[in-house]
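Shown next, in structure tokens, is the structure this report addresses.
The values are calculated or read from the model by the stated rules, or taken from the named source; none is laboratory data. The shown structure was predicted, so the numbers you read here are calculated from the model rather than taken from an experiment. So basically every Cβ, Gly included, is an ideal-geometry build from the backbone, and we count neighbours across all protein chains shown.
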Amino acid sequence: MMVISTNFLAVALGGIFDRSSQPLTSNIMLTYPFTTSINTEIPRVDPEKSETSVTAGTFAKDAEEYWLVVNTNVVEGTDLPPWVTDEFYFLPFEWGPGNNSDLVTSTTQGYGGNLTCRLLAGNTFQQISNIDKGNGFMFRIGVTILVSDGGSATCRGGGKMGFRWLKTGTHPFAMGWVWSLRASNESDQKAVQACSSLILSGWGRGEARVVPRFMDGDPFNKNISATMQSNTTIICTQQISTGEFRVTVDGEGRVRRSKLIGELKYDDPRIFNRSTSVGNFTSQLAKLLSVPPGYGSDSGIMNSGNSSHSFPHFVGEYLINKTLSKPSTPSPSFEDAQHALSEFYKRLFTILLAQNQDRIFVPESKVRRSEVGELQSLKRRMSMDPVMFYIAVVILGFQLIAGAIIFASAPRRFLPRFPYNLASEISFFHASSALSDVAGTANMNSAMRGRHLSGLGWTYGYGRFRGSDGKSHVGIERMSLIRDYKEAMQGRE
């Protein structure tokens with residue numbers, strides 16, 4: 001039993017210690033490069049009166065990068081930029097050099113975008129017949145909304161639908177659009193602010209009829225008529241949500257955890273400095289959302305097949321899971337369209353803020369705001385496995401108790417020396433008469449030697465005797481020559 005327990009003890013001691021990376025927490029000083037104020041007062045450009053890019057009059061530095069990030073994140077599942085989650089952008093904080101595996105936790109401001117949408121009643125478009133020679137159809141829509149003072153305003157929007165790709169004949173098509181709106185009365189500042197913050201999105205199905213006309217030698221001079229119906233046209237208002245969060249990021253700023261502290265506030269005017277407002281900021285967001293890069297002023301894209309070349313079709317195929325670029329596919333329901341557009345807007349909002357943070361947020365002064373954060377770093381440390389520790393303690397306790405019991409119950413007559421080797425064994429009989437009794441038996445086997453000793457008539461025992469050298473010994477001798485061992489030991493004392 002002792003031998004078996006010793007084997008278990010060896011296994012327990014072998015697994016009791018472990019050298020691994022352990023998280024160590026310490027305080028660290030953090031600095032914030034930006035204030036919580038949004039500053040986006042950039043001169044606005046009228047896209048209908050000037051040849052300009054998509055980003056004219058907005059805070060965006062690049063017209064394509066943010067679309068590519070959203071596209072690859074949704075389609076291929078690539079990582080979002082630093083300081084960004086699916087719903088919030090967090091104001092960054094900085095600290096000294098460290099490992100990318102280190103985690104830093106602190107409080108910071110979070111910003112999110114939200115849409116509240118409603119369905120426009122009725123069939124928005126019935127007939128399209130206005131032809132812009134060589135370019136396409138021009139069409140518009142007007143929407144009446146309520147403004148802050150209780151009055152109403154008319155917002156208008158429109159776009160161009162190209163047709164150069166159409167050949168002679170009748171062509172069913174699918175169309176999608178996303179527009180920012182403008183006030184019909186541009187002298188009414190409340191109406192301008194209310195309309196410019198709105199986003200209009202829709203999906204239409206129609207049929208185009210093309211008849212060639214070559215009288216003037218222009219191959220693009222065609223007689224074209226088209227009809228289109230839109231059963232799903234939604235209009236959305238924007239909200240900016242802000243709140244204080246406790247955020248944990250790695251060394252690259254990738255958000256690992258975030259937790260809201262308190263409540264979210266919506267369109268809080270305190271986060272905007274004097275040079276801008278909620279309406280100014282959301283109007284720029286609406287403009288950036290309305291036209292994907294690479295399509296110029298076309299805000300509606302016609303499709304007759306499976307291709308997807310516009311934002312509404314992208315939303316449908318990857319967020320609603322319907323190929324909306326097919327004319328045979330029905331327009332999405334209001335619930336599906338609202339959910340997909342809202343989810344996309346949240347993600348686009350956070351990515352836009354992350355990629356343009358140095359233009360959107362007011363930099364801190366020369367003396368930056370600082371706070372104490374929490375640094376969690378991985379260090380190599382020796383640790384003890386509690387399970388193996390308790391097993392080893394139990395086995396050692398068992399062996400201690402068992403050893404004490406065995407020692408207490410063992411007899412007290414011990415050999416003067418242990419017969420560990422040949423010399424120790426010889427010392428027990430080298431001065432004994434028994435040695436002469438076995439003389440000449442070297443070539444005998446055990447049975448023959450036993451018969452030889454029996455013929456001598458002696459009995460041999462273990463005890464104290466006087467040897468042939470005249471000295472007292474303890475060992476094997478003829479019984480007549482040794483005293484009882486106990487008496488011999490008493491006589492020795």
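Has the range 359-369 got at least one residue that is outside any strand (DSSP E or B), touching a strand residue (DSSP E or B) at 6+ places or on another chain (Cβ under 7 Å), of a type outside the set (S, T, N, Q) and at pLDDT 85 or above? Yes, the range 359-369 contains at least one residue that is outside any strand (DSSP E or B), touching a strand residue (DSSP E or B) at 6+ places or on another chain (Cβ under 7 Å), of a type outside the set (S, T, N, Q) and at pLDDT 85 or above. How many residues, within the range 61-102, are without any contact (Cβ under 8 Å) to a residue 60 or more places away in the chain and assigned to a loop (DSSP other than H, G, I, E, B)? Counting residues in the range 61-102 that are without any contact (Cβ under 8 Å) to a residue 60 or more places away in the chain and assigned to a loop (DSSP other than H, G, I, E, B) gives 3. Out of 124, 168, one residue alone is hydroxyl-bearing (Ser, Thr, Tyr), at pLDDT below 80 and closer than 23 Å to residue 223 by Cα. It is 168. Do we have residue 59 as among the aromatic types (Phe, Trp, Tyr), under 30 Å from residue 402 (Cα atoms), modelled with pLDDT of 75 or more and surrounded by 11 or more Cβ atoms within 10 Å (Cβ to Cβ) here? Answer is no for this residue. Checking each residue in the range 189-246 for being under 22 Å from residue 334 (Cβ atoms) and at pLDDT below 75 picks out 228, 229, 230, 231.
Considering only residues of the range 184-210 that are more than 47 Å from the chain's Cα centre (by Cα) and in a strand (DSSP E or B), which is farthest from residue 174 (Cα to Cα)? Ranking the candidates gives 210 first.
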